[in-house]
């Protein structure tokens with residue numbers, strides 16, 4: 001679902017010349033790295049969320065598995081809480097888990 005909105009770019013950088021030459025290619029087409037914007041307060045108010053107190057052993061992928069039955073959506077919890085990695089969360093800190101996975105995914109934008 002995320003990849004539908006992603007742009008691709010042509011990478012023909014000189015540093016890859018030998019690799020491309022060995023693979024008989026002139027360029028590599030790859031996904032452009034997205035910059036995600038955060039949800040505004042008015043949109044956040046429309047989402048059902050569950051508070052979660054961060055404890056020893058917590059990981060974003062474990063929370064995603066617990067709440068979504070899909071550990072691959074760990075990034076959504078991190079993004080929603082504006083915490084790029086687990087090391088940015090302190091023990092005892094409160095995070096918010098958005099419950100409607102589809103609703104939240106439709107709210108973020110690629111720039």
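Each value in this text was obtained by applying a stated rule to the coordinates, not by laboratory testing. Bear in mind that the values here come from a model prediction, so they are computed numbers and not experimental data. A quick note on method: Cβ atoms are made from the backbone with ideal geometry, for glycine too, and the neighbour counts reach across all protein chains shown.
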Output the relative contact order of the chain, whole-number percent, from Cα pairs under 8 angstrom with separation of 6+ residues.
31 percent
Which FRET efficiency value, to the nearest 0.05, do you get for residue 53 and residue 33 by plugging their Cβ-Cβ distance into 1/(1 + (r/R0)^6) with R0 = 35 Å?
0.60
With springs only between Cα atoms under 10 Å apart, run a GNM on the chain and tell me which of 53, 28, 19 wobbles the most.
19
Once you have a ≥ b ≥ c as the square roots of the Cα gyration tensor eigenvalues for region 36-98, tell me rounded if a/c is under 1.5, and otherwise prolate or oblate according to whether a/b is larger than b/c.
prolate
Using a 7 Å offset from the Cα along the Cα-to-Cβ direction at both residue 66 and residue 6, what is the distance between the two label points in nm, to one decimal?
2.8 nm
Under a 10 Å cutoff between Cα atoms, tell me which one of 41, 70, 86 has the largest fluctuation in the Gaussian network model of the chain.
41
